[in-house]
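A short worksheet on the structure shown next.
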Amino acid sequence: MILLIKNALAYIDKTFKRSDILIKDGKIHSLGISVLSDNVDRVIDAQGKYFLIPGFVDVHTHLREPGFSYKETIGTGSAAGARAGYTTICTMPNLNPPPDTPEHLKAQTDIIDTDAVIQVLPFGTITMGRRGGGETVDFKAMADSVVGFSDDGSGVQEEDVMRRAMTECAKLGKIISAHCEVNELLKGGYIHDGEYARKHNHRGICSESEWQQIERDCRLAEETGCRYHVCHISTKESVDIIRKAKARGVKVTCETAPHYLTMCDSDLQEDGRFKMNPPLRSKEDMEALVEGVLDSTVDVIATDHAPHSAEEKAKGLEKSAMGVVGLETAFGVLNTKLVKTGVITLEKLVEMMSVRPREIFGIEGGEIKEGAVADLALIDADREWTVDPEKFVTKGRATPFKDWKLQGVNLLTIYRGEIVYETV
């Protein structure tokens, strides 16, 4: 398809410039003012008000397949991503079988090859069986087939195991993306150990269970030279540890998620749609995360999209499964709560959702220029909508943002030059 997008506010050289963009053979062929439309299959007019950006990248998504397709499939999850403006999603390894060998990985990549509507890049596990300890995987055998290595859902409990993993990944130039959680500090907790937990007689998860392992891993990353990425940080101590490690030259990056930037434990309700891991923390933690965004201690905003069945999420805060969905609400929530309120610019949000994820994980794209891959999204930053989980493409319905009134929707997703999502 030869596609011409006219009158777009295109993200070019880290700012928005009015431009026409001609897309041909899967790439951006040319751009500028008044690009000719001869021999074009289709012209889309952005009306001088819609933003054309590099497609979003989610470096933390749970697609649940193979093993748990009743929760989500690669087909439904990637379609939800396409609807939201994502052109690449990186899928986490808490699967059955876990991708801990090339053979087990192939069980996932075979489905990706047939069912994914956008690019889906898998993580391999760090440990065999994703147990968080014991034997590490054969990193070299899987290195060329994965975006990185993670035991997400489990923290690596043994220091020697993480040191060994980091040493091997440093040799291979691969990144470790770590879920940080000290099991012995959890003590049966399931929400933040804060005011809400005490007031409503819930068992809390202490902040130290997260930051203690981050502190250890930053030290190991400094020792081994490994590129180390921290998943879904939620505490003020985590921000401070990572900020200081970066200042020392440690090769550390991190992500947080929309719910940690816009909600805290005072927003909790007695409903499973507010239960995720790590949990919503205190207002002070939320404010520290926003400060981390502002000073670029926090590199990336990922979704930690984690769908479950309705039954699994209908058991209240104590007994519901951990995890909420997030692909289809991420941009709207962040645009409404951070951009429209003047906390950050739209350019900064695009950097964190589209550009930095690619830089950190070595993913193609991220620029609108001649010759670049045409992985793009067309955004209406002003359109208002209300979150209705029953209209989601994902199989998951549990979101803490239900009934929120938001601004900002994706109108069009282009993957490798082809339209894979378009609003009616």
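Here is how the numbers come out for the structure above:
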{"item": "Some residue of segment 386-403 being more than 20 Å from the chain's Cα centre (by Cα), open to solvent by less than 60 Å² (accessible area, probe 1.4 Å) and without any contact (Cβ under 8 Å) to a residue 40 or more places away in the chain", "result": "yes"}
{"item": "Scope segment 16-60; condition of a type in the set (S, T, N, Q) and surrounded by fewer than 12 Cβ atoms within 10 Å (Cβ to Cβ); matching residues", "result": "Ser34, Asn39, Gln47"}
{"item": "Top-ranked residue in segment 131-147 [being more than 17 Å from Asn96 (Cα to Cα) and free of Cβ contacts under 8 Å to residues at least 24 places away in the same chain; ranked as least open to solvent (accessible area, probe 1.4 Å)]", "result": "Glu135"}
{"item": "Matching residues, segment 84-107, being assigned to a helix (DSSP H, G or I) and either surrounded by 24 or more Cβ atoms within 10 Å (Cβ to Cβ) or touching a His at 6+ places or on another chain (Cβ under 6 Å) (or both)", "result": "Ala84, Leu105"}
{"item": "Odd one out for His229, checked against (1) buried (at least 22 other Cβ atoms within 10 Å of the Cβ); (2) at positive phi", "result": "(2)"}
{"item": "Filtered residues of segment 189-213 (kept if among the charged types (D, E, K, R), in a helix (DSSP H, G or I) and either within 12 Å of Pro279 (Cα to Cα) or open to solvent by less than 30 Å² (accessible area, probe 1.4 Å) (or both))", "result": "Glu210"}
{"item": "Met128 being in contact (Cβ under 8 Å) with a residue 24 or more places away in the chain and open to solvent by less than 20 Å² (accessible area, probe 1.4 Å)", "result": "no"}
{"item": "Any chance Ile111 is of a type in the set (Val, Ile, Thr) and open to solvent by 20 Å² or more (accessible area, probe 1.4 Å)", "result": "yes"}
{"item": "Residue in segment 73-94 that is in contact with a helix residue (DSSP H, G or I) (Cβ under 8 Å, 6 or more places away or on another chain), over 23 Å from Glu422 (Cα atoms) and not β-branched (Val, Ile, Thr) present", "result": "yes"}
{"item": "So Glu195, is it of a type outside the set (A, V, I, L, M) and over 15 Å from Met286 (Cβ atoms)", "result": "no"}
{"item": "Which numbered condition Leu9 misses (of (1) more than 30 Å from Gly323 (Cα to Cα); (2) surrounded by fewer than 22 Cβ atoms within 10 Å (Cβ to Cβ); (3) at pLDDT 95 or above)", "result": "(2)"}
{"item": "Near pairs, Cβ below 6 angstrom, 6+ apart or cross-chain, from segment 166-186 (closer than 24 Å to Thr61 by Cα and of a type outside the set (Asp, Glu)) to any residue that is in a strand (DSSP E or B) and open to solvent by 10 Å² or more (accessible area, probe 1.4 Å)", "result": "Ile175/Arg227"}
{"item": "Extreme residue, surrounded by the most Cβ atoms within 10 Å (Cβ to Cβ), among residues of segment 239-262 that are without any contact (Cβ under 8 Å) to a residue 40 or more places away in the chain and of a type in the set (Gly, Ala, Ser)", "result": "Ala245"}
{"item": "Any chance Gly81 is open to solvent by less than 10 Å² (accessible area, probe 1.4 Å), under 30 Å from Leu412 (Cβ atoms) and not in a strand (DSSP E or B)", "result": "yes"}
{"item": "Count - residues of segment 148-170 that are open to solvent by 10 Å² or more (accessible area, probe 1.4 Å), modelled with pLDDT of 95 or more and part of a loop (DSSP other than H, G, I, E, B)", "result": "2"}
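The values are calculated or read from the model by the stated rules, or taken from the named source; none is laboratory data. Note that the coordinates shown come from a computational prediction; the quantities given were computed from them, not determined experimentally. In this analysis, Cβ positions are derived from the backbone assuming ideal geometry, glycine residues included, and neighbour counts consider all displayed protein chains. Each accessible area value is taken on the protein alone, full model and side chains, heavy atoms only, with ligands, DNA and RNA left out. Shrake-Rupley method; radii C 1.70, N 1.55, O 1.52, S 1.80 Å.
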